[in-house]
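Nothing in this text is a laboratory measurement; each read-out follows from the coordinates by a stated rule. This structure is a prediction, so every number in the text was calculated from the model and none was measured. Cβ sites come from the backbone with ideal geometry, for glycine too, and all protein chains shown count toward neighbours.
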Amino acid sequence: LIWDDSDNPENLNEKELYRYIFHLLSEKGINVEVSFGAKMGQHIGHQASQEKAKTPFILRVDDDVILEPDYLKVLYSNMKENVGAVGGLIAPPGVSRREMPPNLLSNIQDNCQWYKWDGIKTDNEHLYGASYLYRRGIQDFNTKLSRKAFREETLHTYGLFRKGYKIVIDSKAVAYHFQNSSGGIRSEEDKKKDAGDFHNDEIMFRGILRE
């Protein structure tokens, strides 16, 4: 499923390169569907993917990251029966090495995925960062958030945690984050322009934590 949530969606079937790619996938028995999001936000696309997918696990990846070649292999190696989601490090290039505690909501600003360290943490309550492998069909994405979808991956993985699944972070899985402050739906420019959306999402997030 290709979910096009852009400002100017295009019919990919009219582009020669995409037609060629879709034909190759079809020959391998992989069906491709293109849906248009009408700028509703990535959380709507993630939920649609859950509902349409038939695989037991889904890997969601941000478009501004570069994954190490073994990223998925490392994540999948941790996907035991009681594990709901597995993430890795999402540190930008040149990030410092620092020993960090697990990701806990009581200390949400100290995100261990932003630093380099060695090992596997299994006592996390959530993941911060959109590039992770999760067990499909257990926890819905919160589609009531604004189109900015602030905290959506935190809410999703915390929901898995509350249902009794472990949330794992393996430092051997590395995604290099090339976030651009001047572009994208959550850029610094956008945060200033649409501060109300981020504020409302944060209020909803805090309310869910109190439930």
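Measuring r between the beta carbons of residue 140 and residue 81 and using R0 = 25 Å, the FRET efficiency lands at 0.75.
Structure shown: which of 121/163; 73/166; 28/52; 116/148 lie over 23 Å apart, alpha-carbon to alpha-carbon? Spell out each step's value before the answer.
Working: 121/163 19 Å; 73/166 18 Å; 28/52 19 Å; 116/148 28 Å.
Violating the 23 Å Cα-Cα cut-off are 116/148.
Across segment 51-60, coupling constants 3J(HN,Hα) worked out from phi with the 6.51/-1.76/1.60 Karplus curve, θ = phi - 60°, read 6, 8, 5, 10, 7, x, 10, 10, 9, 9 Hz, and Gly and Pro carry x. Calculated on the alpha-carbon coordinates, the convex hull of the chain measures out at 140 cubic angstrom per residue.
Please give the calculated 222 nm ellipticity per residue for the chain, where each DSSP H segment of at least 4 residues contributes -39500 (n - 2.57) and the sum is spread over every residue; nearest 500 deg cm²/dmol? List each step's numbers first, then the result.
Details: 6 runs with 63 residues, N = 211.
One gets -9000 deg cm²/dmol as the mean residue ellipticity at 222 nm.
Under the combined filter of DSSP loop state and at most 16 neighbouring Cβ atoms within 10 Å, segment 21-78 retains these GluC sites (Glu not before Pro): 33.
Scattering from segment 8-77 was approximated by placing one identical point on each alpha carbon and applying the Debye formula without solvent; log10 I(q)/I(0) at 0.17, 0.20, 0.22 1/Å stands at -0.95, -1.25, -1.34.
Taking amide H positions as modeled 1.01 Å from N, with prolines and chain starts lacking one, the residues under 5 Å from residue 173 and 5 or more places away or on another chain are 89. Simple point charges give the picture: +1 on the Cβ of Lys and Arg, -1 on the Cβ of Asp and Glu, and for segment 25-117 a dipole about the Cα centre of about 100 debye.
Distances between placed amide hydrogens fall under 5 Å for residue 83 paired with 166, all partners being 5 or more residues away or on another chain.
Of all beta bridges DSSP finds with both residues in the chain, what is the antiparallel percent, to the nearest 5?
Numbers: 13 of 22 bridges.
Of those bridges, close to 60 percent are antiparallel.
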